[in-house]
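Reading through the structure tokens given below for one structure.
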Ligand SMILES: Nc1ncnc2c1ncn2[C@@H]1O[C@H](COP(=O)(O)OP(=O)(O)OP(=O)(O)O)[C@@H](O)[C@H]1O
Ligand SMILES: [Mg+2]
């Protein structure tokens, strides 16, 4: 069993705006992340993701609840916790009056690296993230994508045990997005745990070991992509086309095992099944008994995006409450 690297117990965050108005940004989240995992924390705008990350990384204090990194309460010794943590915040929190190189080396030295290691790592990451030629320019002169790449380099330069990435690929072009993922996977293989938010659903679907879907400050579901897909009723679709189609075929199809619903689209029969791994044998046996021949049969899966839409409210999710 892997060790738990991060644990949140009933973590809440209220923002008090005035005597009568309070925003419950995080409403009592419990979660555990295992060492070595790539953990996705997904939710719509305003769900509470960045607020949760700021508490997990000691940047803000929970209204209530407890957070442990490597079984140590982070607020008992925030400086100790920060050494284990790398953070790519959603907003640009670089020191804009310093050069890129200075941002990296100052950060590395703050975390205890000696001069030579700090410089060596700065060289490595400036090269990797395409910033070598601009390394001596002030960060205030950087484009959005360049600043994002520098934020990522800074977050990993002290080789943290757990790396928090709040929408890290936003603003990156496809080439740097690929470089970032390659870098994240390399770090993960070397043992770094990854805690990630993103709005690009294909990224967590491919990369995350487990995903939590959060909405309105609460976790709606947690599990592997496959486990989450099982939460959607009958969202795996077997599509069958026949040489000739009759209404009798549709009537019989309703009786097939595992089939929850059917839809007929011209010559195509769609069977909605609940399981992601349906048993095709009864379907194939049934088709043999029909007075028509099979042309095509295929299975399409629900995607993580379908799960996301199913589990989260659509449209505005600002969760301010007037009390
Ligand atoms: N410092 C703050 N003061 C008051 N309210 C805040 C503050 N920070 C966040 N909020 C509110 O808390 C809620 C959650 O915001 P948060 O930034 O955590 O959402 P998010 O899930 O990261 O959204 P996004 O996908 O847009 O980044 C929102 O209603 C937001 O307006
Ligand atoms: Mg956010």
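Overview of results
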item: Expected 222 nm ellipticity per residue - DSSP helices of 4 or more, -39500 (n - 2.57), all of the chain, to 500; result: -9000 deg cm²/dmol
item: Rg/Rh for the range 213-252, where both radii come from Cα atoms and Rh is the Kirkwood radius; result: 1.30
item: Percent RCO, i.e. relative contact order, over the chain, from Cα pairs under 8 Å lying at least 6 residues apart; result: 22
item: Burial ranking of peptide ranges 46-59, 263-276 (average Cβ count within 10 Å, highest at the top); result: 46-59, 263-276
item: Share of alpha-carbon pairs per 10 Å distance bin for the range 208-323, given as whole %; result: 12, 36, 23, 17, 8, 2, 0
item: Isotropically averaged projected area of the range 191-238, using the convex hull of Cα atoms (one quarter of hull area), nm²; result: 4.5
item: Cα pair count fraction exceeding 18 Å, expressed as % - the range 236-301; result: 24
item: Rg(Cα) / (2.2 N^0.38 Å) computed for the chain, rounded to two decimals; result: 1.24
item: Kirkwood-Stokes translational diffusion coefficient of the range 16-155, alpha-carbon pairs, 25 °C, 0.890 mPa s, µm²/s; result: 143
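Every number in this text was worked out from the coordinates using simple rules, so none of it is lab data. None of these values were measured; they are calculated from a predicted model. Glycine also receives a Cβ, built like all others from the backbone with ideal geometry; neighbour counts cover every protein chain displayed.
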